[in-house]
Amino acid sequence: KAGINISWLLTGQVPEVDHWDIVEEILELVAEWEQNRNKPTTVAERTELLRLFYEQYRSNGRIDANLASSAFRLAK
């Protein structure tokens, strides 16, 4: 009822399920960053950011906004 994944709470691992919703959320974050960037973004850069944030989600069950900000600053 509190919105906590029981499997994650007990094991610390996000269960293997359809994660398209989190991929979509990550791609929206990257698209927002791209709009604020002053140079073209490569497929490799977008892919690396997607991988970084997706792995963070799989490890922690969420995307840390501070880590996202840091990653975007470094990628700029």
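The values are calculated or read from the model by the stated rules, or taken from the named source; none is laboratory data. These numbers were taken from a predicted model, which means no experiment stands behind them. Note that each Cβ is placed from the backbone with ideal geometry, even for glycine, and that neighbours are counted across all protein chains shown. Surface accessibility is based on the protein's heavy atoms, side chains included, excluding ligands, DNA and RNA. Shrake-Rupley method; radii C 1.70, N 1.55, O 1.52, S 1.80 Å.
Things to note:
- Tally, over region 54-64, of residues that are under 9 Å from the mean Cα position of the chain (by Cα), in a helix (DSSP H, G or I) and over 14 Å from ASP21 (Cα atoms): 2
- Close pairs from region 48-76: first touching a residue at least 40 places away in the same chain (Cβ under 8 Å), partner open to solvent by 60 Å² or more (accessible area, probe 1.4 Å) and not in a helix (DSSP H, G or I), Cβ under 8 Å, at least 6 apart: ARG58/GLN13; GLY61/ASN5
- Residues satisfying the stated conditions in region 37-76, i.e. open to solvent by 100 Å² or more (accessible area, probe 1.4 Å) and of a type outside the set (Asp, Glu): ASN38, LYS39, PRO40, ARG51, ARG62, ASN66, ARG73, LEU74, LYS76
- Region 4-23 - residue that is assigned to a loop (DSSP other than H, G, I, E, B) and open to solvent by 80 Å² or more (accessible area, probe 1.4 Å) and, of those, modelled with the lowest pLDDT: VAL17
- Residue match in region 37-50 (condition: at pLDDT below 85 and either in contact with a strand residue (DSSP E or B) (Cβ under 6 Å, 6 or more places away or on another chain) or β-branched (Val, Ile, Thr) (or both)): yes
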